[in-house]
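**Student:** Handing you this structure, nothing more for now.
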Amino acid sequence: MPPAQLLAVKAKFAVEPPGSLSLPLFEPKALKTSDIVGKAAEFALDKNDPFYVFGLPRKMLLEFRLMTKPTTVVRGVTKESIELLQSAKDKSSLDTRVVFTGRAGCGKSFLLLQAVEHCVAQKWVVIYIPRAVNLVNSTTTHAYDIRTQTYLQPTFSFQTLQRMLTVNDVALRKLTLQTSLQLEKREVPAGTSLAELIEIAINDRSRSVAQAPLILETVMRALEEQTRYPVLFAVDDFQSLYGKSKYRDPHFETIHSYHLSLPRMMLEYASGRRKFNKGAFVGAISCSDTNFPLPIELRDALGLEYDHPMSPYDKRFKPVFDYTEGLKAIKVPEKLSVQEAMSVFEIWKNEQALADVVMRDSEGRVVTNYDEQFLAKYTQSGGNARDFVWGGILANMEA
(Lines give C-alpha, C1' and ligand atoms only; values in the text may rest on other atoms or scores of the structure.)
Protein backbone atom coordinates (compact mmCIF):
# COMPACT_ATOMS: atom_id res chain seq x y z
CA MET A 1 0.00 0.00 0.00
CA PRO A 2 1.42 3.45 -0.91
CA PRO A 3 2.65 5.61 1.99
CA ALA A 4 -0.01 8.25 1.30
CA GLN A 5 -2.78 5.67 1.78
CA LEU A 6 -1.17 4.39 4.97
CA LEU A 7 -1.17 7.93 6.37
CA ALA A 8 -4.81 8.35 5.39
CA VAL A 9 -5.73 5.14 7.23
CA LYS A 10 -3.78 6.28 10.29
CA ALA A 11 -5.49 9.65 10.30
CA LYS A 12 -8.93 8.07 9.85
CA PHE A 13 -8.86 5.49 12.61
CA ALA A 14 -6.23 6.51 15.15
CA VAL A 15 -8.31 8.66 17.49
CA GLU A 16 -11.92 8.67 16.23
CA PRO A 17 -14.13 6.87 18.81
CA PRO A 18 -16.92 4.40 17.93
CA GLY A 19 -20.46 5.75 17.72
CA SER A 20 -19.47 9.06 16.13
CA LEU A 21 -20.47 8.21 12.54
CA SER A 22 -22.91 10.51 10.74
CA LEU A 23 -23.97 9.26 7.31
CA PRO A 24 -25.78 10.84 4.34
CA LEU A 25 -28.91 9.15 2.99
CA PHE A 26 -28.71 6.85 -0.02
CA GLU A 27 -30.92 8.97 -2.27
CA PRO A 28 -30.78 10.28 -5.86
CA LYS A 29 -29.74 13.78 -4.84
CA ALA A 30 -26.67 12.53 -2.96
CA LEU A 31 -25.74 10.09 -5.72
CA LYS A 32 -25.44 12.86 -8.27
CA THR A 33 -22.28 14.18 -6.62
CA SER A 34 -18.92 12.61 -7.46
CA ASP A 35 -17.56 12.86 -3.90
CA ILE A 36 -20.09 10.26 -2.65
CA VAL A 37 -18.06 7.46 -4.30
CA GLY A 38 -16.19 5.43 -1.70
CA LYS A 39 -18.30 6.68 1.18
CA ALA A 40 -20.95 5.04 3.34
CA ALA A 41 -24.62 5.99 3.12
CA GLU A 42 -27.73 5.04 5.05
CA PHE A 43 -30.78 3.53 3.36
CA ALA A 44 -33.92 5.63 3.87
CA LEU A 45 -36.52 2.89 4.26
CA ASP A 46 -40.23 2.87 4.99
CA LYS A 47 -42.37 -0.14 5.90
CA ASN A 48 -43.32 -0.77 2.24
CA ASP A 49 -39.78 -0.72 0.91
CA PRO A 50 -38.60 -3.72 -1.20
CA PHE A 51 -35.95 -4.20 1.49
CA TYR A 52 -38.68 -5.45 3.83
CA VAL A 53 -41.38 -6.64 1.42
CA PHE A 54 -39.49 -8.68 -1.20
CA GLY A 55 -36.78 -9.70 1.25
CA LEU A 56 -33.02 -10.04 0.83
CA PRO A 57 -30.43 -12.69 -0.02
CA ARG A 58 -29.71 -14.76 3.08
CA LYS A 59 -26.13 -13.61 3.73
CA MET A 60 -27.08 -9.96 3.27
CA LEU A 61 -30.06 -10.36 5.60
CA LEU A 62 -27.80 -11.71 8.35
CA GLU A 63 -25.42 -8.82 7.86
CA PHE A 64 -28.14 -6.18 8.13
CA ARG A 65 -29.55 -7.84 11.25
CA LEU A 66 -26.26 -7.09 12.99
CA MET A 67 -26.54 -3.37 12.17
CA THR A 68 -28.55 -0.80 14.05
CA LYS A 69 -29.36 0.89 10.72
CA PRO A 70 -29.07 -0.57 7.20
CA THR A 71 -26.14 1.09 5.49
CA THR A 72 -24.14 0.60 2.32
CA VAL A 73 -21.03 1.89 0.59
CA VAL A 74 -21.32 3.73 -2.71
CA ARG A 75 -18.72 2.31 -5.08
CA GLY A 76 -17.59 3.46 -8.49
CA VAL A 77 -19.61 0.66 -10.09
CA THR A 78 -22.67 1.84 -8.11
CA LYS A 79 -22.55 5.22 -9.78
CA GLU A 80 -22.02 3.66 -13.22
CA SER A 81 -25.00 1.34 -12.74
CA ILE A 82 -27.29 4.14 -11.56
CA GLU A 83 -26.28 6.29 -14.53
CA LEU A 84 -27.17 3.35 -16.78
CA LEU A 85 -30.61 3.09 -15.16
CA GLN A 86 -31.14 6.83 -15.48
CA SER A 87 -30.58 6.57 -19.21
CA ALA A 88 -32.92 3.53 -19.37
CA LYS A 89 -35.97 5.16 -17.79
CA ASP A 90 -37.28 6.44 -21.14
CA LYS A 91 -36.14 3.48 -23.26
CA SER A 92 -37.43 0.00 -23.94
CA SER A 93 -36.09 -2.70 -21.63
CA LEU A 94 -34.68 -4.34 -24.79
CA ASP A 95 -31.89 -1.76 -24.63
CA THR A 96 -31.00 -2.38 -20.97
CA ARG A 97 -30.63 -6.05 -20.08
CA VAL A 98 -27.57 -6.41 -17.89
CA VAL A 99 -26.11 -8.93 -15.45
CA PHE A 100 -23.73 -8.12 -12.59
CA THR A 101 -20.79 -10.53 -12.69
CA GLY A 102 -17.63 -11.04 -10.66
CA ARG A 103 -15.98 -13.44 -8.23
CA ALA A 104 -17.81 -14.73 -5.18
CA GLY A 105 -18.23 -12.13 -2.45
CA CYS A 106 -17.32 -9.09 -4.54
CA GLY A 107 -20.64 -7.30 -3.86
CA LYS A 108 -22.99 -8.17 -6.75
CA SER A 109 -26.06 -8.61 -4.54
CA PHE A 110 -25.37 -5.33 -2.72
CA LEU A 111 -25.06 -3.57 -6.07
CA LEU A 112 -28.40 -5.03 -7.18
CA LEU A 113 -30.05 -3.84 -3.94
CA GLN A 114 -28.61 -0.36 -4.51
CA ALA A 115 -30.13 -0.34 -8.01
CA VAL A 116 -33.50 -1.41 -6.57
CA GLU A 117 -33.45 1.27 -3.86
CA HIS A 118 -32.50 3.95 -6.36
CA CYS A 119 -35.37 3.01 -8.69
CA VAL A 120 -37.87 2.99 -5.80
CA ALA A 121 -36.75 6.51 -4.88
CA GLN A 122 -37.21 7.54 -8.53
CA LYS A 123 -40.82 6.23 -8.55
CA TRP A 124 -40.22 3.25 -10.83
CA VAL A 125 -42.40 0.15 -10.65
CA VAL A 126 -40.03 -2.34 -9.01
CA ILE A 127 -40.16 -6.15 -9.08
CA TYR A 128 -37.33 -7.64 -7.03
CA ILE A 129 -36.61 -11.37 -6.74
CA PRO A 130 -33.78 -11.65 -4.18
CA ARG A 131 -33.65 -15.47 -4.14
CA ALA A 132 -34.48 -16.80 -7.61
CA VAL A 133 -33.06 -20.14 -6.50
CA ASN A 134 -36.33 -20.67 -4.57
CA LEU A 135 -38.13 -20.86 -7.91
CA VAL A 136 -36.14 -23.88 -9.07
CA ASN A 137 -35.16 -25.78 -5.91
CA SER A 138 -38.54 -27.51 -5.44
CA THR A 139 -39.58 -25.52 -2.38
CA THR A 140 -42.81 -24.13 -3.81
CA THR A 141 -45.87 -25.86 -5.27
CA HIS A 142 -46.19 -26.48 -9.00
CA ALA A 143 -48.88 -27.85 -11.29
CA TYR A 144 -48.89 -28.62 -15.01
CA ASP A 145 -51.02 -26.35 -17.20
CA ILE A 146 -52.14 -27.83 -20.53
CA ARG A 147 -52.97 -24.40 -22.00
CA THR A 148 -49.44 -22.96 -21.64
CA GLN A 149 -47.61 -26.33 -21.51
CA THR A 150 -45.64 -25.11 -18.52
CA TYR A 151 -45.65 -25.89 -14.81
CA LEU A 152 -47.43 -23.09 -12.97
CA GLN A 153 -46.24 -21.95 -9.53
CA PRO A 154 -49.44 -20.60 -7.95
CA THR A 155 -48.24 -19.98 -4.39
CA PHE A 156 -45.15 -18.00 -5.39
CA SER A 157 -47.19 -16.13 -8.01
CA PHE A 158 -49.71 -15.14 -5.34
CA GLN A 159 -46.94 -13.97 -3.00
CA THR A 160 -45.35 -11.97 -5.81
CA LEU A 161 -48.64 -10.21 -6.51
CA GLN A 162 -48.98 -9.28 -2.83
CA ARG A 163 -45.44 -7.91 -2.70
CA MET A 164 -45.82 -5.99 -5.97
CA LEU A 165 -48.95 -4.27 -4.65
CA THR A 166 -47.36 -3.37 -1.31
CA VAL A 167 -44.26 -1.82 -2.91
CA ASN A 168 -45.90 -0.22 -5.97
CA ASP A 169 -49.35 0.67 -4.63
CA VAL A 170 -49.42 4.27 -5.90
CA ALA A 171 -48.37 3.38 -9.44
CA LEU A 172 -50.60 0.31 -9.74
CA ARG A 173 -53.67 2.35 -8.77
CA LYS A 174 -53.00 4.66 -11.72
CA LEU A 175 -52.49 1.88 -14.28
CA THR A 176 -55.50 0.06 -15.71
CA LEU A 177 -56.44 -3.03 -17.69
CA GLN A 178 -56.91 -2.39 -21.40
CA THR A 179 -59.07 -5.50 -21.88
CA SER A 180 -61.37 -7.47 -19.59
CA LEU A 181 -60.17 -10.56 -17.74
CA GLN A 182 -62.33 -13.62 -17.19
CA LEU A 183 -61.70 -15.33 -13.84
CA GLU A 184 -63.33 -18.46 -12.49
CA LYS A 185 -66.36 -16.81 -10.88
CA ARG A 186 -66.33 -13.27 -12.27
CA GLU A 187 -65.21 -11.01 -15.06
CA VAL A 188 -62.88 -8.10 -14.33
CA PRO A 189 -63.81 -5.30 -16.75
CA ALA A 190 -61.42 -3.21 -18.79
CA GLY A 191 -60.50 0.02 -16.98
CA THR A 192 -60.03 -1.73 -13.63
CA SER A 193 -56.81 -0.59 -11.95
CA LEU A 194 -54.04 -3.15 -11.53
CA ALA A 195 -54.18 -2.57 -7.77
CA GLU A 196 -57.88 -3.46 -7.71
CA LEU A 197 -57.20 -6.59 -9.77
CA ILE A 198 -54.56 -7.76 -7.30
CA GLU A 199 -56.87 -6.93 -4.37
CA ILE A 200 -59.54 -9.17 -5.91
CA ALA A 201 -57.04 -12.02 -5.72
CA ILE A 202 -55.96 -11.19 -2.17
CA ASN A 203 -59.52 -10.86 -0.84
CA ASP A 204 -60.56 -14.26 -2.22
CA ARG A 205 -57.42 -16.19 -1.45
CA SER A 206 -59.02 -19.65 -1.26
CA ARG A 207 -60.00 -19.44 -4.92
CA SER A 208 -57.42 -16.95 -6.21
CA VAL A 209 -54.21 -18.80 -5.37
CA ALA A 210 -54.94 -21.23 -8.20
CA GLN A 211 -55.63 -18.28 -10.51
CA ALA A 212 -52.62 -16.25 -9.35
CA PRO A 213 -50.42 -17.20 -12.36
CA LEU A 214 -53.11 -15.89 -14.74
CA ILE A 215 -53.55 -12.67 -12.75
CA LEU A 216 -49.78 -12.15 -12.52
CA GLU A 217 -49.45 -12.68 -16.27
CA THR A 218 -52.22 -10.11 -16.87
CA VAL A 219 -50.52 -7.56 -14.60
CA MET A 220 -47.16 -8.09 -16.32
CA ARG A 221 -48.75 -7.63 -19.77
CA ALA A 222 -50.31 -4.38 -18.60
CA LEU A 223 -46.95 -3.17 -17.28
CA GLU A 224 -45.37 -3.98 -20.64
CA GLU A 225 -47.88 -1.85 -22.55
CA GLN A 226 -48.02 1.23 -20.30
CA THR A 227 -45.58 4.13 -20.73
CA ARG A 228 -46.34 6.14 -17.59
CA TYR A 229 -43.82 4.44 -15.30
CA PRO A 230 -40.48 2.77 -16.03
CA VAL A 231 -40.28 -0.80 -14.71
CA LEU A 232 -37.27 -2.46 -13.08
CA PHE A 233 -37.20 -6.26 -13.02
CA ALA A 234 -34.30 -7.25 -10.71
CA VAL A 235 -33.34 -10.90 -10.15
CA ASP A 236 -30.64 -12.24 -7.83
CA ASP A 237 -29.27 -15.81 -8.13
CA PHE A 238 -29.85 -15.23 -11.84
CA GLN A 239 -27.70 -18.17 -13.00
CA SER A 240 -30.05 -20.64 -11.28
CA LEU A 241 -32.67 -19.97 -13.97
CA TYR A 242 -30.47 -21.48 -16.70
CA GLY A 243 -29.93 -24.99 -15.38
CA LYS A 244 -32.11 -27.95 -14.58
CA SER A 245 -34.44 -27.44 -11.64
CA LYS A 246 -34.92 -29.74 -8.66
CA TYR A 247 -38.54 -30.33 -9.67
CA ARG A 248 -39.64 -33.67 -11.10
CA ASP A 249 -42.46 -34.52 -13.48
CA PRO A 250 -44.85 -37.51 -12.93
CA HIS A 251 -42.27 -39.78 -14.59
CA PHE A 252 -39.63 -38.50 -12.14
CA GLU A 253 -37.74 -36.77 -14.95
CA THR A 254 -36.01 -33.48 -14.12
CA ILE A 255 -37.95 -30.40 -15.22
CA HIS A 256 -35.96 -27.73 -17.04
CA SER A 257 -36.23 -24.26 -15.49
CA TYR A 258 -37.75 -22.79 -18.64
CA HIS A 259 -40.69 -25.17 -18.30
CA LEU A 260 -41.61 -23.51 -14.98
CA SER A 261 -43.86 -20.46 -15.37
CA LEU A 262 -41.99 -17.88 -13.29
CA PRO A 263 -38.41 -18.75 -14.36
CA ARG A 264 -39.65 -18.79 -17.97
CA MET A 265 -41.15 -15.31 -17.55
CA MET A 266 -37.87 -13.97 -16.21
CA LEU A 267 -35.86 -15.63 -18.97
CA GLU A 268 -38.15 -14.09 -21.59
CA TYR A 269 -37.56 -10.58 -20.21
CA ALA A 270 -33.83 -11.29 -19.92
CA SER A 271 -33.54 -12.49 -23.52
CA GLY A 272 -35.73 -9.77 -25.01
CA ARG A 273 -38.59 -12.05 -26.03
CA ARG A 274 -40.73 -9.84 -23.83
CA LYS A 275 -40.11 -6.21 -22.99
CA PHE A 276 -41.36 -3.20 -21.08
CA ASN A 277 -41.90 -0.05 -23.13
CA LYS A 278 -39.90 1.79 -20.48
CA GLY A 279 -37.52 0.14 -18.03
CA ALA A 280 -34.74 -2.37 -17.55
CA PHE A 281 -33.95 -5.95 -16.61
CA VAL A 282 -31.05 -6.42 -14.18
CA GLY A 283 -29.70 -9.70 -12.85
CA ALA A 284 -26.92 -10.72 -10.49
CA ILE A 285 -25.21 -14.10 -10.56
CA SER A 286 -24.13 -16.12 -7.55
CA CYS A 287 -20.81 -17.95 -7.72
CA SER A 288 -21.06 -19.66 -4.34
CA ASP A 289 -24.08 -21.97 -4.87
CA THR A 290 -22.71 -25.37 -5.87
CA ASN A 291 -26.22 -26.76 -6.47
CA PHE A 292 -26.84 -24.19 -9.20
CA PRO A 293 -23.47 -23.34 -10.77
CA LEU A 294 -22.96 -20.91 -13.62
CA PRO A 295 -23.82 -22.83 -16.83
CA ILE A 296 -21.60 -22.84 -19.91
CA GLU A 297 -24.27 -21.15 -22.03
CA LEU A 298 -24.41 -18.14 -19.70
CA ARG A 299 -20.61 -17.99 -19.46
CA ASP A 300 -20.45 -17.84 -23.26
CA ALA A 301 -23.05 -15.08 -23.50
CA LEU A 302 -21.46 -12.91 -20.80
CA GLY A 303 -17.86 -13.56 -21.84
CA LEU A 304 -16.89 -15.09 -18.49
CA GLU A 305 -14.01 -17.42 -17.75
CA TYR A 306 -14.67 -21.15 -17.55
CA ASP A 307 -14.21 -23.11 -14.35
CA HIS A 308 -12.37 -25.91 -16.17
CA PRO A 309 -10.41 -26.33 -19.41
CA MET A 310 -12.86 -26.44 -22.31
CA SER A 311 -12.91 -29.05 -25.06
CA PRO A 312 -14.89 -29.54 -28.30
CA TYR A 313 -16.97 -32.14 -26.47
CA ASP A 314 -18.50 -29.69 -23.97
CA LYS A 315 -22.13 -29.41 -25.02
CA ARG A 316 -24.28 -26.31 -25.22
CA PHE A 317 -28.03 -26.70 -24.91
CA LYS A 318 -29.63 -24.53 -27.61
CA PRO A 319 -32.95 -23.78 -25.83
CA VAL A 320 -30.94 -22.46 -22.86
CA PHE A 321 -28.51 -20.56 -25.10
CA ASP A 322 -31.43 -18.80 -26.82
CA TYR A 323 -32.47 -17.28 -23.50
CA THR A 324 -29.08 -15.55 -23.17
CA GLU A 325 -29.42 -13.48 -26.33
CA GLY A 326 -28.55 -9.81 -25.92
CA LEU A 327 -27.45 -9.96 -22.28
CA LYS A 328 -24.56 -7.69 -21.31
CA ALA A 329 -22.22 -8.13 -18.36
CA ILE A 330 -21.29 -5.43 -15.87
CA LYS A 331 -18.24 -6.66 -14.01
CA VAL A 332 -18.11 -5.80 -10.32
CA PRO A 333 -14.49 -5.15 -9.21
CA GLU A 334 -12.96 -8.14 -7.44
CA LYS A 335 -11.70 -6.06 -4.53
CA LEU A 336 -12.74 -3.01 -2.60
CA SER A 337 -10.61 0.08 -3.07
CA VAL A 338 -8.86 1.29 0.06
CA GLN A 339 -11.36 4.16 0.40
CA GLU A 340 -14.33 1.78 0.02
CA ALA A 341 -12.85 -0.67 2.52
CA MET A 342 -12.24 2.16 4.98
CA SER A 343 -15.92 3.12 4.76
CA VAL A 344 -17.00 -0.50 5.35
CA PHE A 345 -14.65 -0.73 8.32
CA GLU A 346 -15.96 2.57 9.66
CA ILE A 347 -19.54 1.25 9.57
CA TRP A 348 -18.66 -1.78 11.66
CA LYS A 349 -16.44 0.24 13.98
CA ASN A 350 -19.47 2.42 14.64
CA GLU A 351 -21.47 -0.76 15.39
CA GLN A 352 -18.77 -1.65 17.96
CA ALA A 353 -18.08 -4.97 16.23
CA LEU A 354 -14.33 -4.55 16.76
CA ALA A 355 -12.24 -5.15 19.84
CA ASP A 356 -11.01 -1.94 21.48
CA VAL A 357 -7.31 -1.70 22.28
CA VAL A 358 -6.73 1.69 23.86
CA MET A 359 -3.17 3.00 24.06
CA ARG A 360 -1.33 6.29 24.59
CA ASP A 361 1.09 7.81 22.13
CA SER A 362 4.42 9.41 22.96
CA GLU A 363 2.69 12.67 23.84
CA GLY A 364 0.21 11.00 26.21
CA ARG A 365 -2.83 11.20 23.90
CA VAL A 366 -5.33 8.31 23.88
CA VAL A 367 -5.21 6.35 20.62
CA THR A 368 -6.60 3.01 19.41
CA ASN A 369 -5.26 0.32 17.11
CA TYR A 370 -8.13 0.54 14.59
CA ASP A 371 -5.69 1.48 11.84
CA GLU A 372 -3.66 -1.68 12.46
CA GLN A 373 -6.80 -3.83 12.56
CA PHE A 374 -8.00 -2.33 9.28
CA LEU A 375 -4.72 -2.97 7.48
CA ALA A 376 -4.50 -6.52 8.81
CA LYS A 377 -8.06 -7.44 7.80
CA TYR A 378 -7.85 -5.74 4.41
CA THR A 379 -4.61 -7.54 3.59
CA GLN A 380 -5.90 -10.85 4.91
CA SER A 381 -9.04 -10.69 2.74
CA GLY A 382 -7.27 -9.49 -0.38
CA GLY A 383 -9.88 -6.74 -0.59
CA ASN A 384 -12.78 -9.15 -1.22
CA ALA A 385 -15.86 -7.53 0.32
CA ARG A 386 -17.41 -10.67 1.85
CA ASP A 387 -14.09 -11.97 3.21
CA PHE A 388 -13.27 -8.54 4.58
CA VAL A 389 -16.53 -8.41 6.57
CA TRP A 390 -17.27 -12.04 7.48
CA GLY A 391 -13.76 -13.46 7.52
CA GLY A 392 -12.15 -10.38 9.00
CA ILE A 393 -14.26 -7.83 10.88
CA LEU A 394 -16.98 -10.18 12.16
CA ALA A 395 -14.86 -13.30 12.55
CA ASN A 396 -13.90 -12.52 16.15
CA MET A 397 -17.00 -10.58 17.18
CA GLU A 398 -18.22 -11.52 20.63
CA ALA A 399 -21.86 -12.55 21.07
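**Student:** Given the options Ile215, Ile200, Ile347, state which has the largest fluctuation in a GNM of the chain using a 10 Å cut-off (strictly under) for Cα springs.
**Tutor:** Residue with maximal mean-square fluctuation among Ile215, Ile200, Ile347: Ile200.
**Student:** Oh, and also: Just add up the charged neighbours of Ser240: K/R +1, D/E -1, any other residue whose Cβ is under 13 Å from the Cβ of Ser240.
**Tutor:** Values: positive: Arg131, Lys244, Lys246; negative: Asp236, Asp237, Asp289.
Net charge around Ser240: 0.
**Student:** Still on this structure: Name the chymotrypsin sites (Phe, Trp or Tyr not before Pro) in region 229-264 that are in a loop by DSSP and that have at most 10 other C-beta atoms within 10 Å, would you? Write out the running numbers ahead of the final one.
**Tutor:** Values: sites: Phe233, Phe238, Tyr242, Tyr247, Phe252, Tyr258; in loops: Phe252.
Loop-located and lightly packed - Phe252.
**Student:** What accessible area per residue, rounded to a whole number of Å², is obtained for the chain using a probe radius of 1.4 Å?
**Tutor:** Details: 19040 Å² over 399 residues.
Spelled out: the 1.4 Å probe surface of the chain, per residue, equals 48 Å².
**Student:** What FRET efficiency comes out for the pair Arg205/Gln380, r = Cβ-Cβ distance, R0 = 51 Å, nearest 0.05?
**Tutor:** On the way: r = 51 Å, r/R0 = 1.00.
According to the calculation, E is roughly 0.50.
**Student:** Quote the FRET efficiency, to the nearest 0.05, computed for Ser337 versus Ala104 with a Förster distance R0 of 22 Å and r equal to the Cβ-Cβ distance.
**Tutor:** Numbers: r = 19 Å, r/R0 = 0.86.
That gives a FRET efficiency of 0.70.
**Student:** Turning to a different aspect of this structure: When the accessible area of region 86-173 is split by element with a 1.4 Å probe, what percent falls to carbon and sulfur? Could you put the intermediate results ahead of the total?
**Tutor:** Values: 1620 of 3270 Å².
Carbon and sulfur: 50 percent of the exposed surface of region 86-173.
**Student:** Next up: Whats the longest run of the chain with zero trypsin sites (Lys or Arg not before Pro) that are DSSP loop and have at most 12 other Cβ atoms within 10 Å? Could you put the intermediate results ahead of the total?
**Tutor:** Working: sites that count: Lys32, Lys47, Arg147, Lys185, Arg186, Arg228, Lys315, Arg316, Arg365.
Result, exposed sites excluded: 48-146.
**Student:** Pairs Lys69/Lys377; Lys39/Lys331; Lys47/Lys185; Lys246/Lys377; Lys47/Lys79: which exceed 32 Å Cα-Cα?
**Tutor:** Details: Lys69/Lys377 23 Å; Lys39/Lys331 20 Å; Lys47/Lys185 34 Å; Lys246/Lys377 39 Å; Lys47/Lys79 26 Å.
Flagged as over cut-off: Lys47/Lys185; Lys246/Lys377.
**Student:** Once you mark the GluC sites (Glu not before Pro) that are in a DSSP loop and have at most 13 other Cβ atoms within 10 Å, what is the longest gap between them in the chain? Write down the numbers at each step before the final one.
**Tutor:** Working: sites that count: Glu184, Glu253, Glu305, Glu325, Glu363, Glu398.
After excluding every exposed loop site, the longest remaining stretch is 1-183.
**Student:** Grab the alpha carbons of the chain, take their convex hull, and tell me the volume per residue in Å³. Intermediate results must be reported in sequence, preceding the final value.
**Tutor:** Values: hull volume 64.1 nm³, N = 399.
Per residue, the Cα convex hull of the chain comes to 161 Å³.
**Student:** Same structure, new question: Need one number: nm distance between label points at Phe317 and Thr141, each 7 Å from Cα along Cα→Cβ, rounded to one decimal.
**Tutor:** 2.7 nm
The values are calculated or read from the model by the stated rules, or taken from the named source; none is laboratory data. Model, not experiment: these values are computed from the prediction. Cβ sites come from the backbone with ideal geometry, for glycine too, and all protein chains shown count toward neighbours. Note: areas computed on protein heavy atoms with side chains; ligands, DNA, RNA excluded. Shrake-Rupley method; radii C 1.70, N 1.55, O 1.52, S 1.80 Å.
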